[in-house]
Every structure is written in C-alpha cells, then in structure tokens.
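The values are calculated or read from the model by the stated rules, or taken from the named source; none is laboratory data. These numbers come from a predicted model, not from an experiment. All Cβ positions, even for glycine, are placed from backbone atoms using ideal geometry, and neighbour counts span all protein chains on display.
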C-alpha cells in the first residue's frame with residue numbers, strides 16, 4: 001500500500017537511531033573501554049568474580065519460570081474453557097492486580113512475610129513457626145512468581161482458546177486418560193503460548209533488582225542489583241556496569257532464541 | 001462421578017489461585033486502617049494514614065509529575081508513532097522488516113537495559129555539552145524522563161496502529177479520491193476515522209505504561225520524583241501504613257474504572273444484540 005508518504009516516518013527514524021540504536025552502541029563502547037576511553041577487556045573479565053551472582057540470578061529466575069508455568073497452565077486451561085462472557089470477567093480478575101504498581105504489591109509481601117506478620121501468625125495458630133521467610137531466596141522466588149505469573153497466563157490462555165474442545169473429547173473417547181490427554185494433546189497444542197510465556201516471565205525475572213532488594217534483603221543479590229549498584233549505587237563504575245549489561249543482554253538473547261526455536265509464531269499474546 | 005470430582009478440584013484450585021493473587025491487596029487494604037504501625041495485629045480502626053497521605057507534599061508533587069510526564073509523553077509518542085506507522089506502511093518490504101525489528105528492541109530488552117542505555121546516552125551528552133558554551137548541560141530530570149518515556153512508548157503505538165492500517169480497505173481511499181477528495185481530505189475523512197480506535201487505545205496504553213513505569217524512570221530521573229520513584233524511596237525506609245493507604249486508594253480507583261468501562265461495554269453489547277434481533281424479526 002503506497003498511499004502515504006514515506007517521509008512521515010522520518011522523524012521516527014531519527015528518534016529510533018538516537019534513542020534505541022545509539023544507546024546500545026554506547027553500552028558496548030563503555031563495556032569495552034576503561035575510564036580514560038582506552039580499549040580494554042578488563043571489564044568483561046572482571047565479571048567472572050561475580051559468577052555466583054549470575055548463577056543465582058539464572059537459577060532463581062529459572063525456578064520462578066517453572067513454578068509460573070505449573071501454576072498458570074491449569075488456570076489458562078480453565079479460563080479458555082469458560083463461556084465467552086465469563087472469560088472476560090475472569091481474565092480481568094487475573095489482570096486486576098497487575099494494574100497496581102508492582103512496588104506496592106511487593107511491599108505488601110514484605111509485611112505479609114515478616115517474622116511477626118500475618119502468615120507467621122496464622123501458622124502459629126496451628127502450632128508451626130515462626131519461620132524466617134523474609135530475606136531468603138525463597139521470598140525472592142515468591143515475589144517473582146507473584147509479579148510475573150499473569151504474563152504466563154495470558155499467552156497460555158490465548159493459545160488454548162484455539163484448542164477445540166472436541167479434540168480433547170476425541171482423545172478421551174479414544175481411550176486416553178487425563179495424563180495422556182495432557183501430554184499428547186493439550187501441551188503440544190499450547191507450545192506457542194508456553195514459549196512466549198517463558199520469555200515473558202524469565203526476562204523480567206532475571207533482570208529485576210527491586211524484588212531481590214525488597215524481599216531478599218542484602219544477601220540475595222541478583223544481576224539487576226549489581227548493575228544498579230554500578231550506575232546509581234556505591235560501586236559507581238559505568239564501564240563495569242555496561243559490561244554486566246552486555247552479558248545480561250546476551251543471556252536474554254540466548255533465552256529468546258531458545259524459546260523461539262520452538263515456534264515461528266513468536267510474540268503471540270503480547271498486549 | 002469422576003468428572004464431578006475433577007470439577008470440584010478445578011474450582012478449589014482456581015479459588016486458591018485467586019486467594020494468592022489478592023492476598024497482598026487484601027492485606028494492604030485492611031492494614032491501611034490500622035491504628036498502630038505493626039504488621040500483624042489489628043489494634044483499632046483509623047483514617048489517620050489517609051489524612052497524613054493527603055498532607056504529604058512529596059507524594060502529591062510526585063503524583064503531579066507522574067501525570068504530567070504521562071500525558072506529555074503519551075501525546076508525543078502517539079503522534080510520532082502514528083506518523084511512523086503511516087510511513088512504514090508505504091515502505092518496501094525489506095526496509096519495513098528492518099525498522100520493525102529495531103522497533104522491537106525496547107519491547108523485548110529487559111527494562112533495566114533500556115534504562116541504563118538511555119542513561120549512558122544522557123551522561124555522554126552531558127560530558128559533551130559541558131565543553132561547549134551554548135548547549136544546556138544539565139538535562140537530567142524532566143527532559144530526560146520525558147525522552148525515556150517517549151522512547152519506550154512509541155513501539156507500542158506502532159504495534160497497535162500498524163495492524164489496523166494493514167486491515168484497511170484501500171478501495172475506500174480510492175473511492176474518496178474518485179469522488180473528488182484531494183489526498184489530504186481523503187486521509188482525514190476516510191483513513192483517520194478508520195484507524196482512530198487503534199490510535200486511542202495506543203494512547204491509553206502509553207498513559208498506563210508511563211504512569212506505572214519504575215525501572216526506566218529510576219535511571220533517568222535525576223532528582224525529579226515520579227510516583228513510583230517516590231513509592232520506592234518510601235519503601236526503603238521502615239514500614240509506613242501511608243503506603244497501604246495509597247495502595248487502597250489506587251485499587252479502588254482502578255477497580256471502579258474497570259467496572260464502569262465493563263458495564264458500558266456490556267450495555268452496548270446487549271444493545272447490539274437487541275438491534276440484531278429486531279432486524280432479524
């Protein structure tokens with residue numbers, strides 16, 4: 001369709017180059033130079049000293065992604081089997097907490113999980129605890145799961161609405177039990193949703209610094225915390241921070257190429 | 001018998017799931033009315049946190065900054081993005097693919113990367129500007145905040161408006177030209193009304209993203225505080241029920257907006273159904 005003028009997009013091109021492309025090159029430039037602007041690989045090699053933090057980030061984000069998938073799969077299926085007008089209401093109930101600022105929601109978990117907070121009080125009634133839940137890696141995973149599980153539900157729901165109920169019934173008629181129907185019919189047919197959901201949960205989870213700082217205390221640093229400290233924190237060093245960001249970007253790219261290798265229909269269910 | 005069992009389990013599971021999702025919100029609402037600052041015991045009902053919230057000058061100012069940045073950035077992003085979509089639609093397939101892929105970068109990149117990469121750009125600019133006499137060298141604050149918000153909003157406008165342009169029937173535009181419109185008139189009378197719902201929804205998406213954004217603002221705000229940043233600095237101190245009061249107000253506002261818009265939607269839906277039935281009869 002050539003009815004408009006190409007020139008209409010030129011302001012955006014300038015914008016895109018200035019504020020999307022150039023900043024990324026600056027990150028690469030800073031990562032490869034020292035404070036005086038001389039070429040060096042020291043920033044990148046110095047990251048190996050933070051190997052445990054990177055490993056922890058990857059591990060916690062991975063655990064959170066798996067838990068999100070396990071929680072979200074039945075919810076997505078349930079939503080997709082409802083009548084259409086009910087689907088809208090239920091979907092809105094899933095989305096509603098996301099409309100609240102995530103800092104506020106995470107802050108509420110700080111209160112809930114504290115040593116003399118409501119969760120421990122409840123456990124106390126049945127003779128358990130009190131447990132130290134706040135400032136543990138478990139709390140960080142919980143925060144990730146809580147904040148990002150809707151990102152898993154939405155794409156799963158979108159791809160599951162396309163599964164015809166008669167396919168499920170046919171599988172059952174032909175003698176498949178629940179497990180078999182799940183493994184042979186439902187899971188294969190929701191692969192596009194699963195792979196989109198994994199990216200949409202894993203990417204923010206691996207790069208967060210707010211959740212780890214609020215729920216993990218000082219002892220559960222993640223990549224995000226490291227980067228934040230290099231840019232705005234105590235260990236101000238833009239070059240090392242850029243190198244870390246570069247590594248994080250590579251991790252995210254690897255993750256996305258991994259999940260998109262499962263389906264060509266990427267970015268489904270976004271927005 | 002077995003399906004009944006399964007259905008019950010499904011119900012229980014969904015209820016448990018929603019309990020999990022709404023537990024923090026319920027907790028905040030209850031404890032925003034609590035007398036004492038503790039987090040486990042409810043010691044009495046009070047409105048004092050709401051009162052102190054509304055006299056908290058830094059929160060009110062931050063709210064104002066948030067609204068200002070959101071409205072301005074949403075307007076600019078919508079105009080820029082809509083013009084870009086129109087231009088992109090008339091490009092060759094190859095260059096369209098390239099532009100679309102670059103536009104995806106801010107959407108798929110972790111927010112922290114978008115945030116720090118823009119911050120580095122502004123830092124580099126400030127170093128450069130400090131040497132020249134006429135460039136303003138202290139831009140960290142509202143200008144950078146605005147640029148950052150536009151930068152992460154424009155892609156959403158493009159990805160909202162472009163599909164709508166693709167669906168557009170070119171024949172309508174040609175018919176308008178045949179009937180004597182010049183291209184400008186044809187655009188404003190035929191194309192713009194067709195894509196305006198997409199433009200409006202893009203604008204609303206920009207508003208909500210901008211009001212809600214913390215990560216990208218955090219690195220590019222200088223000393224200016226938006227509401228999420230004010231909330232963040234409040235959470236760094238010890239527990240204050242004022243935050244709970246703020247959350248409660250936000251929740252009530254959001255809930256009522258959603259309920260009203262849903263009621264309007266279902267009313268127009270029913271109206272449509274009714275006219276359909278009447279036409280059929």
Residues B:207, B:276, B:255: which one is within 30 Å of residue A:112 (Cβ to Cβ) and either at pLDDT 90 or above or in a helix (DSSP H, G or I) (or both)? B:255
Which residue out of B:267, B:236, B:277 is facing chain A (nearest Cβ under 10 Å) and either exposed (fewer than 12 other Cβ atoms within 10 Å of the Cβ) or touching a strand residue (DSSP E or B) at 6+ places or on another chain (Cβ under 9 Å) (or both)? B:236
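Listed residues B:110, B:143; which is under 30 Å from residue A:98 (Cα atoms) and facing chain A (nearest Cβ under 8 Å)? Working first, answer last.
Details: B:143 fails: facing chain A (nearest Cβ under 8 Å).
Going through B:110, B:143 in turn, the sole match is B:110.
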Could we say that residue B:173 is within 23 Å of the chain's Cα centre (by Cα) and not in a loop (DSSP other than H, G, I, E, B) here? no
Can you find a residue in the range A:18-32 that is outside any helix (DSSP H, G or I) and in contact with a helix residue (DSSP H, G or I) (Cβ under 8 Å, 6 or more places away or on another chain)? yes
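So that you can scan it fast, the table gives a plain yes or no per residue for (1) over 18 Å from residue A:159 (Cα atoms); (2) modelled with pLDDT of 85 or more:
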{"residue": "A:64", "(1), (2)": "yes, yes"}
{"residue": "A:90", "(1), (2)": "no, yes"}
{"residue": "A:93", "(1), (2)": "yes, yes"}
{"residue": "A:99", "(1), (2)": "yes, no"}
{"residue": "A:108", "(1), (2)": "yes, yes"}
{"residue": "A:112", "(1), (2)": "yes, yes"}
{"residue": "A:115", "(1), (2)": "yes, no"}
Condition first: free of Cβ contacts under 8 Å to residues at least 24 places away in the same chain, crowded, with 17+ Cβ neighbours inside 10 Å and in a helix (DSSP H, G or I). Can you find one or more residues in the range B:3-21 that meet it? yes
Take the residues of the range A:226-245 that are within 10 Å of chain B (Cβ to nearest Cβ) and under 20 Å from residue B:232 (Cα atoms): which is surrounded by the fewest Cβ atoms within 10 Å (Cβ to Cβ)? A:232
Per the filter on the range A:170-226, residues within 25 Å of the chain's Cα centre (by Cα) and on the phi > 0 side of the Ramachandran plot are A:217
Identify, from the list A:222, A:248, A:156, the residue that is closer than 30 Å to residue A:46 by Cα, surrounded by 17 or more Cβ atoms within 10 Å (Cβ to Cβ) and more than 10 Å from chain B (Cβ to nearest Cβ). A:222
If you go through the range B:188-203, how many residues are out of contact with any helix residue (DSSP H, G or I) (no Cβ under 8 Å at 6 or more places or on another chain) and either surrounded by 16 or more Cβ atoms within 10 Å (Cβ to Cβ) or within 16 Å of residue B:72 (Cα to Cα) (or both)? 1
Subset of the range B:87-102 that is within 7 Å of chain A (Cβ to nearest Cβ) and either modelled with pLDDT of 90 or more or closer than 10 Å to residue B:155 by Cα (or both) - its residue that is surrounded by the fewest Cβ atoms within 10 Å (Cβ to Cβ): B:102
May I ask you to list the residues in the range B:154-186 that are crowded, with 17+ Cβ neighbours inside 10 Å and either under 24 Å from residue A:14 (Cβ atoms) or away from every other protein chain (no Cβ under 12 Å) (or both)? B:154, B:155, B:156, B:157, B:158, B:159, B:160, B:161, B:162, B:164, B:165
Restricting to the range A:99-121, and then to whatever is surrounded by fewer than 17 Cβ atoms within 10 Å (Cβ to Cβ) and not in a helix (DSSP H, G or I), can you tell me which residue is farthest from the other protein chains (Cβ to nearest Cβ)? A:115
Condition first: within 11 Å of chain B (Cβ to nearest Cβ) and assigned to a loop (DSSP other than H, G, I, E, B). Now tell me which residues in the range A:51-98 satisfy that. A:81, A:82
Name every residue in the range A:159-193 that is surrounded by 13 or more Cβ atoms within 10 Å (Cβ to Cβ), part of a helix (DSSP H, G or I) and in contact (Cβ under 8 Å) with a residue 40 or more places away in the chain, in order of residue number. A:159, A:160, A:186, A:191, A:192, A:193
Just to be sure, is residue B:53 within 24 Å of residue B:244 (Cβ to Cβ), free of Cβ contacts under 8 Å to residues at least 12 places away in the same chain and surrounded by 13 or more Cβ atoms within 10 Å (Cβ to Cβ)? no
